[in-house]
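Here's the structure we're looking at; comments come further down.
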Ligand code: UT7
């Protein structure tokens with residue numbers, strides 16, 4: 001019997017309208033366009049404005065568009081995996097909120113938290129349910145409202161992050177297309193270098209934690225950079241090697257968009273030329289769980305059936321990983 005792979009059969013994305021430019025950030029903190037551009041590659045990022053809107057609301061846009069594209073109803077979805085570090089609330093899961101908002105009455109779902117590697121982890125997890133035959137339609141959503149946990153007085157973090165969300169649909173494929181391989185890793189000893197200190201069971205929210213600004217994202221940038229640049233590049237190269245893929249055979253490298261310098265280092269390590277690297281960090285910044293699906297969405301029209309894609313990410317935890325994917329349409 002032919003092996004069943006989990007293929008991406010539709011992709012869609014959503015980026016909020018409001019554009020926060022480097023020039024606007026210059027009026028908020030002591031920074032400048034030249035520094036941000038040369039150190040990160042970012043020119044602007046999107047911000048979800050408006051009261052009463054959370055990450056699930058961006059997902060509603062992305063997923064409704066995806067369902068229309070694929071020509072199916074929400075009721076046909078079996079499972080929703082929502083990859084995020086900015087859930088609408090600590091519980092219930094944003095996957096459940098999304099299911100309710102789009103009318104996915106027959107789906108079960110859960111949130112997956114692996115910081116910036118979340119979508120890679122979620123794609124691999126979702127693929128298992130398709131490969132075993134348990135489910136026929138799995139939605140993997142990656143999105144974050146990073147502006148909800150960013151301190152816009154901290155120039156070391158506020159210039160980096162943005163809001164956005166992407167989603168893919170996984171369905172069975174017997175033509176050898178879809179998720180072929182993945183390598184996932186984590187190392188919790190890096191937890192102090194990139195985190196949100198308060199609001200969990202270790203340090204519940206209090207007046208003190210709010211005053212100490214401990215509900216915002218905290219990052220020791222230089223240290224994280226060192227781990228990110230090595231691990232993301234290594235894991236991408238490793239997955240190519242174990243699948244006997246040469247740089248020439250790789251059609252697209254889809255890297256997490258944390259820093260243009262990390263993206264370039266990963267591409268160099270893999271030997272993939274810059275024309276085959278998906279980069280939109282200049283327009284969206286780091287949307288955490290949104291980066292990889294937003295790239296797939298923006299490049300969708302240029303992708304061809306059978307294209308070999310290498311996805312790679314690194315994030316807080318630490319977490320990192322890579323997926324080898326054959327595009328299915
Ligand atoms: O997505 C999850 C994983 N995260 C990452 O992969 C992020 C990894 N880290 C990075 O991308 C980079 O470390 C940053 C973009 C966060 C920072 O870039 P950097 O080249 O590592 O800068 P740095 O922290 O070493 O700071 C260099 C200088 C410092 O000044 P001094 O001490 O040399 O005088 C900073 O105070 O730049 C200063 N600086 C800034 N200057 C203007 C820091 N932030 C800014 C700023 N504008 N926004």
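Taken together, the values in this text are just the output of simple stated rules run on the coordinates, not laboratory data. Everything quoted here is computed from the prediction, not taken from an experiment. Positions of Cβ are backbone-derived with ideal geometry, glycine not excepted, and every protein chain shown enters the neighbour counts.
By the compact-protein rule of thumb, 2.2 N^0.38 Å, the alpha-carbon radius of gyration of the chain corresponds to a ratio of 0.94. Note on the chain: GNM, Cα springs under 10 Å; of 178, 143, 166, the largest mean-square fluctuation is that of 178. For segment 1-70, the Kirkwood radius over C-alpha pairs fed into Stokes-Einstein at 4 °C and 1.567 mPa s yields D = 85 µm² per second.
Each label point was placed 7 Å from the Cα along the Cα-to-Cβ direction; for residue 28 and residue 227 their separation is 2.6 nm.
Computed log10 I(q)/I(0) for segment 23-113 at 0.22 Å⁻¹: -1.02, from the Debye equation with unit scatterers placed on every C-alpha and solvent omitted.
Taking all Cα pairs closer than 8 Å and separated by 6 or more residues, the relative contact order of segment 5-176 comes to 34 percent.
A Förster distance of 51 Å, applied to the separation of the beta-carbon atoms of residue 207 and residue 128, puts the FRET efficiency at 0.70.
Multiplying the residue separation of residue 273 and residue 329 by 0.36 nm and subtracting their alpha-carbon distance yields 17.8 nm. With all pairs of different C-alpha atoms in the average, the Kirkwood value for the hydrodynamic radius of segment 5-176 is 16.9 Å. Name the residue, out of 74, 15, 237, whose mean-square fluctuation peaks in a Gaussian network model built on the chain with Cα pairs under 10 Å. For the chain, modelled as a Gaussian network with Cα springs under 10 Å, the answer is 74. Convex hull of alpha carbon positions in segment 169-257: directionally averaged projected area 9.2 nm².
Beta-bridge orientation, the chain: approximately 70 percent antiparallel, per DSSP, counting only bridges with both partners inside. Look at the alpha carbon pairs under 8 Å that are at least 6 residues apart: their mean separation over the length of the chain gives a relative contact order of 26 percent.
Residues considered: 275, 211, 100. Largest GNM mean-square fluctuation over the chain, using C-alpha springs under 10 Å, is found at 211.
The stretch between residue 261 and residue 186, if pulled fully straight at 0.36 nm per residue, gains 24.8 nm over its current Cα-Cα span. Projected onto their three principal axes, the Cα atoms of segment 180-326 cover extents of 55, 29, 25 Å, largest first. Counted residue by residue at 0.36 nm each, then reduced by the alpha carbon distance between them, the extension gain from residue 152 to residue 37 reaches 39.6 nm.
Summary value for segment 180-326: 37 percent relative contact order, contacts being C-alpha pairs under 8 angstrom separated by 6+ residues. Overall form of segment 137-203: prolate. Here a/c, set by the Cα gyration tensor axes a ≥ b ≥ c, is 1.5 or more, and a/b is the larger of a/b and b/c.
As an exercise, use a Förster radius of 30 Å and the Cβ-Cβ distance of residue 18 and residue 174 to find the FRET efficiency, rounded to the nearest 0.05. The formula returns an efficiency of 0.10 here. Along its first, second and third principal axes, ordered by size, segment 78-127 spans 28, 25, 13 Å in Cα coordinates.
Restricting the count to DSSP beta bridges whose residues both fall in segment 5-176, what percent are antiparallel, rounded to a multiple of 5? Antiparallel bridges make up about 70 percent of those DSSP assigns within segment 5-176. If one computes the Cα centroid of segment 285-300 and of segment 151-165, what distance in Å separates the two points? So the separation of the two Cα centres works out to 17 Å.
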